[in-house]
Amino acid sequence: MSQIVDAFSAVENTLPKAPTGIAGLDEITGGGLPRGRPTLICGAAGCGKTLLAMEFLIRGVIEYGEPGVFLAFEETAEDLAQNVRSLGFDLQQLVDQQKLVVDHVHVERNEIEETGEYDLEGLFIRLGYAIDTVGAKRVVLDTIETLFGGLTNVGILRSELRRLFRWLKEKGVTAVITGERGDGALTRQGLEEYVSDCVIVLDHRVSDQLSTRRLRIVKYRGTLHGTNEYPFLIDETGISVLPITSVGLQHQVSAERVSTGIVGLDAMLGGRGVFRGTTVLISGTAGTGKTSMAAHFAHASCHRGERCLYFSFEESRDQLMRNMRSVGVDLQHWVEQDLLQIHANRPTSQGLEIHLVTMHKLVAQFQPRLVVVDPITNFLRLGSQTETEGMLVRMIDFLKQSGTTAVFTSLTHGGHALEQSESGVSSLIDTWLLLRDIELGGERNRGLYVLKSRGMVHSNQIREFTLSEAGVDLKEVYMGPEGVLTGSLRLAQEARERAATTFRDQEIERRERLLERRRKLLEAQIAAQRAEFEAEEAELLLGISQERGAADVLLADRFEMARSRMSEVTNHTPKNHTRKSLPPGAYT
Amino acid sequence: MTLESTRPQAFADSSVGYVVDPDVWELRLYVAGQTTKSLIAFENLKRLCDEHLPGKYTIEVVDLLTHPQLARGDQIVAIPTLVRRLPHPIRKVIGDLSNVERTLVGLQLRPAKT
């Protein structure tokens with residue numbers, strides 16, 4: 001909003017402006033009405049001309065220290081004082097403080113006869129005197145065209161009015177002139193001809209029995225201004241104009257992530273939830289838990305100590321709090337701590353634009369970090385697709401501007417494609433969560449998946465999500481040859497898997513035991529064979545040594561015999577004997 | 001002089017077509033400086049009163065340039081304005097009073113043509 005002001009005021013510093021102090025109006029006029037020049041405010045009866053003019057004057061006195069004069073041609077000073085008292089302004093007090101003059105100019109045709117030449121010098125003198133008395137900087141003429149009803153000489157009136165506006169300019173007062181809308185022209189008497197610096201048209205339209213007030217700047221010489229029709233609201237604090245049609249796409253973005261309040265969902269969104277200041281859409285058919293999910297967002301926000309504004313268009317405040325308690329979300333607690341405001345309203349109670357102005361105003365007042373609109377679909381009943389989209393764009397832009405995270409729920413009707421959001425807002429949505437029914441095995445269960453989530457890695461899985469007293473829980477779903485398994489089927493599948501797992505474990509154990517047994521058997525066989533071999537070996541070795549012993553004895557005997565015979569081999573035989581006994585091969 | 005005391009609708013509604021011969025005529029002529037229109041109006045008024053209300057009238061000329069605060073009291077918008085303060089109800093004739101017939105109607109010395 002402030003960016004608009006900057007944009008407008010940056011362009012021209014030349015044209016001085018008188019701020020109106022009316023919420024929103026200064027934004028679209030780029031700072032206020034042209035200072036020292038007359039401004040025409042016209043519109044049909046009952047569209048708020050007098051109130052706008054009066055607020056301009058009173059706020060001028062209170063907020064900008066500029067005294068004012070209200071020249072009333074239609075209402076008496078008492079009536080006017082009464083009218084603005086409901087807005088919290090004490091007119092009489094300002095009059096007593098010499099800050100304001102309210103002069104009721106009454107021209108009664110019945111008591112006046114016209115003859116010959118005259119002029120409106122009397123009016124000039126009255127106005128001049130009033131201006132001088134309080135040193136007025138602002139003047140309101142409401143509604144000067146009444147003079148045409150009191151006086152018959154139109155020629156004189158016209159030239160005198162022309163003179164009056166010139167005179168006002170010379171006086172240097174910022175004037176507001178109101179005029180009733182005429183057929184095919186802005187005002188009945190063509191005042192726009194004389195007041196050519198700034199013309200603002202107010203409109204009060206009723207469509208489908210819902211009324212919407214709108215304001216448009218038809219012209220504003222020498223300055224840049226918003227050219228659209230802006231809805232405005234009259235409530236206990238006066239007039240609020242909604243300055244945004246589209247703020248544009250210049251908003252700052254945040255890399256900060258905020259939790260959705262559901263652990264499993266945070267995990268699906270890259271483990272850390274959604275970006276702050278983005279727009280989340282939760283869409284789904286009836287009874288899929290959209291509100292519960294939105295309440296979790298709100299709960300998480302309040303838990304972080306951040307304010308949340310919850311617009312409930314289907315359930316009353318108390319009903320919402322009661323129902324959410326059943327899924328473990330205590331909203332009342334946060335309401336009491338002033339962290340949460342719930343505004344429950346029937347969408348049909350007022351027009352689309354007025355809803356927007358109201359929301360805008362509440363957001364500006366409460367300064368929440370999270371705004372929940374539950375659901376946005378109901379607005380479709382109030383206007384066409386284009387109008388609703390337009391409204392949502394403005395709402396989203398406004399929230400993005402202030403870095404407020406928005407959560408919208410949207411009801412999709414059965415039979416439509418799930419990806420088709422009723423309000424056609426998909427392109428505006430940063431994170432889109434889709435809730436759907438999964439009917440399987442005679443049960444209806446809830447499934448959730450992330451249809452899109454800009455700027456983050458997110459899960460592509462469908463999760464089953466359950467609501468219990470402990471809140472929302474996301475469960476893995478089973479994808480098998482039969483499709484997605486949910487609810488009891490999922491539980492059955494889980495049991496089957498558990499059984500299968502147990503069986504597998506036992507099987508492994510059994511095989512391990514078998515292996516062990518085999519190994520032991522083998523080892524036993526090896527040991528037996530080895531024992532057999534050892535026994536055989538021992539026996540063989542024994543045989544060998546016996547054989548060797550016998551041979552030695554034979555040799556010795558032979559040697560002994562030879563010695564006894566005194567044979568000639570005596571010299572070398574012992575040597576032979578020694579040599580022959582050493583190599584083992586000698587025996588074989 | 002308060003706003004209420006001079007609000008004249010209540011009288012206007014009950015007014016008859018014209019007044020026949022009351023004794024006191026209190027007239028006030030509002031002007032803004034010595035303009036031609038003002039002077040003509042005053043002369044016209046004087047002549048008319050001498051002719052139709054001899055000895056029964058008083059004329060007070062109020063110059064709003066010197067007494068601007070008085071304009072509010074009698075709801076003066078046009079200049080010159082002749083106000084018949086007495087007899088009741090209050091009547092006003094605006095303009096330079098050059099049309100004698102209309103002035104007489106305005107002061108209710110003649111019935112208005114239907």
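Coordinate-derived values only; no laboratory data. Treat the numbers as computed from the prediction; the structure is a model and nothing was measured. Please note: Cβ atoms are built from the backbone with ideal geometry, for glycine as well, and neighbour counts cover all protein chains shown.
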Would you please classify the overall shape of chain A from the alpha carbon gyration tensor, given that a ≥ b ≥ c denote the square roots of the eigenvalues, rounded means a/c under 1.5, and beyond that prolate means a/b larger than b/c while oblate covers the rest? prolate
The range A:2-241 shape via C-alpha gyration tensor axes, a/c threshold 1.5: rounded
Rounded to one decimal in nm, the spacing of the 7 Å Cα→Cβ label points at A:Ser427 and A:Ala531 is 9.2
For the pair B:Lys46 and A:Leu542, how long in nm is the line joining their label points, each one 7 Å along Cα→Cβ? 18.2
Please give every one of the aspartates and glutamates within straight-line cross-link reach of A:Lys400, meaning a C-alpha to C-alpha distance under 13 Å, and leave out same-chain neighbours fewer than 8 residues apart. A:Asp430
Percentage relative contact order, chain A, counting C-alpha pairs under 8 Å, at least six apart: 12
What is the magnitude of the charge dipole of chain A about its Cα centre, with +1 placed on the Cβ of each Lys and Arg, -1 on the Cβ of each Asp and Glu, and no other charges, expressed in debye to the nearest 20? 2580
The protein assembly as shown, helix-only ellipticity at 222 nm - DSSP H runs n ≥ 4, -39,500 (n - 2.57), divided by all residues, nearest 500: -12500 deg cm²/dmol
Local charge sum around A:Ile234 (other residues, Cβ-Cβ under 11 Å, Lys/Arg +1, Asp/Glu -1)? -2
Within the protein assembly as shown, the percent of DSSP beta bridges that are antiparallel, given to the nearest 5, stands at 45
Students often forget the sequence filter, so: which aspartates and glutamates lie under 18 Å Cα-Cα from A:Lys475 once same-chain residues fewer than 8 apart are removed? A:Asp266, A:Asp437, A:Glu439, A:Glu443, A:Glu464, A:Glu494, A:Glu497
Note on the range B:22-106, DSSP bridge orientation, antiparallel percent to nearest 5 equals 55
